[in-house]
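Worksheet: one structure, shown below.
The values are calculated or read from the model by the stated rules, or taken from the named source; none is laboratory data. Predicted model only: the values in this text are computed from it and were never measured. Here the Cβ positions follow ideal geometry from the backbone for every residue, glycine too, while neighbour counts run over all protein chains shown. The protein model used for the area step is the full one, side chains on, heavy atoms only, and it has no ligands, DNA or RNA in it. Shrake-Rupley method; radii C 1.70, N 1.55, O 1.52, S 1.80 Å.
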Amino acid sequence: MDYLTIDEDQYRTVTSLSSYISRGSVDNLDEVSSRVTGGILKFEFEAGGCEELHQSYFIAISEDSSMDGMAKYMSKIWRKRTPDIILTIMSNIEHFKPWEDLSQVEDFQSGLTQALNTTNMWVLTNGLDGGISRIVGDAIHNEHERRSILLSRANTAYGKIANSAHVEELTKLTVIGIVPKSTLSYGKDIATNHDVVVQLKNKGLRAKRHTSELNAEHSHFILLDDITDLHEIMALRYKIEERLLTPIGRGKRYRKMINMSDPNLNMEDASAFLHNHSDIISSTSTPMVGLLIQGGPIDIEHVVDLLRKKVPVLVVKGSGLAADLVAFVFNEKLTHPNEEHEAYLKQELIKRMLVCYPNDFQDDEPARNHCRDLIIESANLALQENGKSITILDIEADPSALKNLDMYILLALFESQGTKRGTQFQEQFQSDLKLTMDWNRCDLAESRIFRKYSGKVLQIPPELFDRALLKRDREKFLDLFMEKKTVVLHQYLNHKKLLYLFNQLEKPEFFCHICLEGVLAKIPGTCYPVDRDFLMDKDSELNQILNKLTGLENLVSSYDLSMNASGKYVCDKAAAERKALLALIYWAALTNNPKIVKSLWLQSEQPMVTALIISRIWHQLSKKWVKDLDTKRQLKEDAIEFGQHAVDLLDLSYKDSALHAIASLDDKLPEFGNKTVTQVAQLCRNKYFIAHKSCQKWMNHRWHGVLRIREVDYRIFKLPEYVKIYLSILFIIPMFFWVTYDVEKNGVAVKEEEEDEEEDHMEATESQPLSGDEKWKRSRKANVTYHVKEMLSYGRQNLKVPIFLQFYYFYSAPIVKFYISQFFYFLYLMLFSLAAIIPSCGDIQIDIILYFWTFMLWIEVIRKTILKKRNHKELTVHWTVVEIILIFLYLLTVGIIRIIPRYLPSIQYTTAKFIMCLGLIYFYYRTMNIYFPISPVLGPMLISIKRMVRYDFITWFKMFMIIMVSGGIAIQATLYPNYPLSEYGLTMALSRALFAMFLTKIDDLDGGSDKCHRFYHSQNNRVCHDAAASFWNRNISKVRFSDEYAVCPHRSFGGYAITIQYLLLTKLIFITLLYALFSTTTTKIQAESEKIWKFQLHDLIVDFETRLRLPAPLNFISYFFMLFELIYKAGKKMYKWICRSGCCVKHEDLPTDKPPAIKVKHHSDFTFWKTLMKNLKKQQKQDEINALRPLEMEQRMQQLLSQSLVQMQFNDKLTEQLSNLERSVMTCQMALEQVHHKIDTMDPKKLPDMEKTTILHMASRESPYPGTTVERFPVFDKYINWEEAYASYDPVLYTKPIEEYPEEVRLLIDLDYIELIHKLEDVSLDQDDRHSILSTQTLHRPLWNVVAGYSINDINMEINRMSWIDKDGVPIKYALDSYNIPLNPNGRTGLRGRGKLWRWGPNHSVKVVISRWKRYKSDSFIKVNDKRVMEVIIIQKRATGELTLPEGKEYGHLSLYSAVCKKFLDKVLGQKNAEIDEQMSENQMVEFFEQFVEPHQGPFTGFTSGIIYKGYMDDPSNTDNAWREAEVWNFHYHVPDNLDSRIVQKEKRWKEVSSYLHLAGNQNLILQETARINGAYYV
């Protein structure tokens, strides 16, 4: 979107409705100053074929208006209260430039909208429909549309599904535009003398260039009357901002420690508190932050004004203009605070200002300097008083920083604040904390608020803690408050506060639908909000919910919470704090807020059992009441997470102290119904917790009771534990040797001491040198001796325990009960088997004994079930109840049909035998459930079998039933079509199908006997027809056959087909499928079955703990003793009652009923768990860091990438500047050298040194290369020689393509040999192209330093590649480079290649200096200083415009002399097609130029000629590999000539010889030499 204001046709209609404002909004209007008036602006837009209507409020003020009157108008008319923070945006519309990156605009709008939605913030802008104001307006427009859509959805049926109340609770968007009327096109039409409603009808949404429109998305406007000057406008805006810094209406009120508006507050405590703390703090200032985006000079003044008022400013660096200037100066001041840097800063700042504002300070230097000083002053003001009033938001370093605009606003506010004391401290603390909570910036709250006041005791008001609990995504604040100990939970939470938390949920759907309507089965729509009965009493609805979810009673006591909160403690303060914390955890768990639960749980002093309870609550909810799949899955995941937390804590405890971990499992927990940790874990069905090694050791300890069975290794064999126990049971005496009792601590020390003595004896014995046989005998003897002594030592230890206690402990141990019970149960099964196998009616005595035994087993099961239900509610007794019912039915049936058969004579003995066999099977199968689970091998195996039967087999059998029933009936009907309909027929059909899995019966597929074949062969279609009198009246008896034919199988194709398909499905598919299901289940639960087995061990241990010492049928003895004990206790109780009511005993001597003592955990236990929680927090935090590390690394990489891109751009600019600087330095140095050479040649009296001048070849180093834009590499004088090392020398390669030469000379041009070499180096070149290039290179390869003849187009020509440069009269041989290309003998030129010359190496030519004396008459010479003035013929090149001497180059068929003569005729005389000898010699050339002498008298011809120079020519066309060499002739006419009559444009050809004549290369030196030879004047 383009936010520049543009010209559009528009029209407006302004209608003033006099004094039309709702009276409901103008209460106490007379109190408002008469100077302040306002009204309503109604914007009506016609755009896109539809009308839009916006309404805004406005107020009109002038310079003499009262700011307090304006504030009162805002309070009374606008109904505005003091905001939490004010953001004033500074960005002049005249200097606004559209952002190139539109995503930054979207980020700014997103960050601003987020800040407005989360707190009561006012935004101040210039109010116009352009620049940043329009961006803000568009953001507000989008937010209004979003809210309207949500509100419209809330009124539909979908609003009942999702809570939309939070939309209505969002803060109102307050954006105030401060606009002078002079800038508005319709400013004069808005009446300001009274309150009005103004309708503005605009076509289009854009304003004109000079008169701007208001942005209709602003909620309020402050219109400035009678002001046109920009500085006055900004001064009045500053006055408005200064007034807004103080409260509007009644200021915000803060209390030091207590919230008087809390409805849950006890008034007596409040009165006492106010008596001691009567200082209620009122807010004295409103936080304000300035935001500078782009901006012009006037915005810089605005920034300085705010900083002088100590208002922090947030500068968006990277937005451009004023923002970048202020950010630059501020950063420079931070990094270079010294005054010596001031001069550089001012100069650099002026440069940047001229770039940013090229037109503002063009002719106004004082204004520019004033603006510069203001920018510097802003940085100085920002760094006063050890604060930073300017905060930089760098969108170049972090492009997404604008999304976190709220964070940077808070950061700017906090960095500018100092530490306050007294009431101002409390005001600032609460205000800042509220802002951070509104914007959910816990990081700033911790780093900028709590860290600032780290030395103070901080307590937050209850409403802030309420907000941390109730507001979404404020869990980090809750962690911070709990960590900093800013709230005492038991003082904060009473029953009213807990009820308030339940009723103020942002999203109550879960609690209402699941907990109230689901768990409590309340009527939908009437159960929320909850009333006080939800919490009151022990049987409150909250406790009912928790009881159904956890199985624990009275988890939350509203009475205890309220008494503890009021200071009347019903327990110690630590317990009160734990109860309050647990109540909050239950609240968060029932409202499905896992983050709050975790934050509170981390502060728990009983974290392990609390995690188990939380896991249980969510697991039960997800299992029974939650229907939504996503919510069910999330709850289950959260339940698993907290269950794993409990296991992790147990593991940490075990690693830290195994003894403490095991001992803590048996501690009773008063907050959880005096349950132990293992009972809670069993109640929560956490198999991983129970399967932990510490729990297993604890259960092993319970399994053995107080018994400690000694391990004995007899080398040859090792007695198992069950053998020792059975021997001890049967023979009694081994018990004294193999069993000890863990009832005294002295015994252990004795044992250890005796073991040490025995070990010393063994070591002393083994220290003597013995032979091999003796060693073996002695070691065996010593081993036996050792074990005998050890057994005796155990016996001595057991003597310390009384004999009767030893028997009591021994037979009370669950392990002993198990083996005794197992032994008797096996006897019972043997007896049962004997009774079942006795033939006929059986033995009545055995039956009676078996019946009694079974009855005692049934009684024992009933007793165990009652004890489990009463003492171990965590155990399930459903299957035990089923077992009781089954055994009862068995006893009843067997008693009737077997024990008392005479009462039912109609029942056969076979039926009784069948019932007994069923019972036999059941009681045998019962063994697997009672005695096998104790085995670590059979136990997990049984878990797998149960899982396979319960899930896989039942699922498989459901599918197989369809195949079995359909296949069985189809086979029966096909093979036996005449079999009568009977029970036996159906049984035969289904049994055949079922047994087909094991047996394959196919003998009847071929039919029966011959008689059956004949029978079916005789049947035809008329059988059924003849039997029918009509369609509805059939004689069925006629189609029935005798029994002998009914059992005849029928052979048919259908029988084979149906049987084969059934057998294929059954044997190949379904049996294989069953195996596959079993295999998959076994693999899946193999690792888990062991944990499930360990979990179920607890049930087995409790089962045998609750059993009597005597098994069935001997348990009747125990029942007799129990009955006697019960009678004794009843008599004793009656005796006490009689004595209590009589006078036989004094009342004071009677025992009094005291409340049972509850074992309270020591404080060190909680400290231990707190330490473990800290370790767990660190571990979880590290895990979270590790999980987020890839994302953080990615974000850091992106930031580094963006920063590196910025740095690369900066480096590129710096490199470019350095390169330009280096190039400038080289250019200057080259220029200085040229000036130096020019100075050397300026003195006419000094003879020029042609050799030295030629060697330095200045023209050959000039840039750019003639006819191109190619720049030469700089070569200084000292680096010209090839022998001088020049490491950085990197000349450009340039060779003019042959195609650019005239077509007639292309055959004479050398190939680009360097290009050919590069092509040959290309590895991708195929062989044909390579051979072609090699042949071309070989054919045209020149011979260097020789004269060679060539034949081109049947023309024989001679090419001279020898150099004309001589040394000591001997021609030199030029060197070749690595490419076998000639090197310039005069040194480097800064350019490689052939350039635009024709040939590599020397390019020969002949130059002629055609000179004469300058005359003003035919016989009068012009003289200067008695020297004649000489003039020469000069040619101007058409391509480059250079002046040069006439010359002739090699043209193949022409000699050099013929070429110079032809060039003279062409260029000077204008004879283009003149005929000339192609092979002219030197003499012929001289004769050619001599012919232009006028006839004269005397022997002197008047013409002289000669060679004045032969060698290297300093020419701009020279390169490192090609150069010009010339033979220079001078033809001087001493007498008049006739050239003037032949030369075309003779005034352009004849030039006076002087230093003012500039020829290419070193031709000026040639002219100077010519003048010297002829004695001519030269200056």
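Things worth noting here:
- Within the range 640-674, the set of residues being of a type in the set (A, V, I, L, M), surrounded by fewer than 17 Cβ atoms within 10 Å (Cβ to Cβ) and farther than 17 Å from T1171 by Cα comprises I640, A663.
- Selection within the range 684-700: residues that are open to solvent by 20 Å² or more (accessible area, probe 1.4 Å) and touching a residue at least 60 places away in the same chain (Cβ under 8 Å). The member of this set that is nearest to E1105 (Cα to Cα) is Q696.
- Restricted to helices (runs of 4 or more DSSP H) entirely inside the range 1464-1579, those with at least 3 residues that are more than 30 Å from P1382 (Cβ to Cβ), without any contact (Cβ under 8 Å) to a residue 60 or more places away in the chain and out of contact with any strand residue (DSSP E or B) (no Cβ under 9 Å at 6 or more places or on another chain) are 1482-1490.
- Count of residues meeting criterion [under 16 Å from F672 (Cα atoms), among the polar types (S, T, N, Q) and part of a helix (DSSP H, G or I)] in the range 578-630: 2
- Tally of residues being charged (D, E, K, R), open to solvent by less than 70 Å² (accessible area, probe 1.4 Å) and in a loop (DSSP other than H, G, I, E, B) across the range 346-370: 2
- Test: E1299 is in contact (Cβ under 8 Å) with a residue 12 or more places away in the chain and either farther than 30 Å from K1449 by Cβ or not in a loop (DSSP other than H, G, I, E, B) (or both): no
- E517 being part of a helix (DSSP H, G or I) and either surrounded by fewer than 22 Cβ atoms within 10 Å (Cβ to Cβ) or in contact with a Phe, Trp or Tyr (Cβ under 8 Å, 6 or more places away or on another chain) (or both): yes
- Qualifying positions in the range 1413-1430 - in contact with a Phe, Trp or Tyr (Cβ under 8 Å, 6 or more places away or on another chain) and either surrounded by 21 or more Cβ atoms within 10 Å (Cβ to Cβ) or not in a strand (DSSP E or B) (or both): K1414, I1422, N1425, V1429, M1430
- Taking the criterion of being among the hydroxyl-bearing types (S, T, Y), more than 14 Å from L410 (Cα to Cα) and either modelled with pLDDT under 85 or surrounded by 22 or more Cβ atoms within 10 Å (Cβ to Cβ) (or both), the only residue of the range 104-126 that qualifies is T125.
- When residues of the range 1208-1261 are limited to those that are modelled with pLDDT of 80 or more, within 23 Å of A1526 (Cα to Cα) and of a type outside the set (S, T, Y), the one farthest from the chain's Cα centre (by Cα): H1257
- Condition met for D1520 (acidic (D, E), surrounded by 15 or more Cβ atoms within 10 Å (Cβ to Cβ), over 20 Å from L1456 (Cα atoms) and in contact with a Lys or Arg (Cβ under 7 Å, 6 or more places away or on another chain)): yes
- The one condition in (1) assigned to a helix (DSSP H, G or I); (2) surrounded by 19 or more Cβ atoms within 10 Å (Cβ to Cβ); (3) in contact with an Asp or Glu (Cβ under 8 Å, 6 or more places away or on another chain); (4) not aliphatic (A, V, I, L, M) that C527 fails to fulfil: (1)
- Options L650, L659; residue that is at pLDDT below 85, assigned to a helix (DSSP H, G or I) and either out of contact with any Gly (no Cβ under 9 Å at 6 or more places or on another chain) or closer than 21 Å to M699 by Cα (or both): L659
- Evaluation of E1358 against (1) outside any loop (DSSP other than H, G, I, E, B); (2) at pLDDT 80 or above; (3) under 22 Å from K1510 (Cα atoms) (one fails), failing number: (2)
- Out of G567, G551, sole residue that is open to solvent by less than 60 Å² (accessible area, probe 1.4 Å), over 30 Å from H872 (Cβ atoms), more than 40 Å from the chain's Cα centre (by Cα) and in contact (Cβ under 8 Å) with a residue 24 or more places away in the chain: G567
- Out of L405, L374, one residue alone is open to solvent by less than 40 Å² (accessible area, probe 1.4 Å), modelled with pLDDT of 85 or more, in contact with a helix residue (DSSP H, G or I) (Cβ under 9 Å, 6 or more places away or on another chain) and closer than 24 Å to T113 by Cβ. It is L405.
- Members of the range 68-98 that are aromatic (F, W, Y) and either within 18 Å of V289 (Cβ to Cβ) or surrounded by fewer than 22 Cβ atoms within 10 Å (Cβ to Cβ) (or both): W78
- Test: E517 is over 28 Å from D628 (Cβ atoms) and out of contact with any helix residue (DSSP H, G or I) (no Cβ under 6 Å at 6 or more places or on another chain): no
- Residue selected from the range 1289-1316 under the condition of a type in the set (V, I, T) and open to solvent by less than 30 Å² (accessible area, probe 1.4 Å), by the criterion modelled with the highest pLDDT: T1295
- Meets criteria (at pLDDT 85 or above, open to solvent by 100 Å² or more (accessible area, probe 1.4 Å) and part of a helix (DSSP H, G or I)) for F1120: yes
- Selected residue (criterion: farthest from Y922 (Cα to Cα)) from residues of the range 877-902 that are touching a residue at least 40 places away in the same chain (Cβ under 8 Å) and not charged (D, E, K, R): P901
- For the range 1544-1562, filtered to residues that are surrounded by 11 or more Cβ atoms within 10 Å (Cβ to Cβ) and among the polar types (S, T, N, Q), the residue that is nearest to E1525 (Cα to Cα) is N1562.
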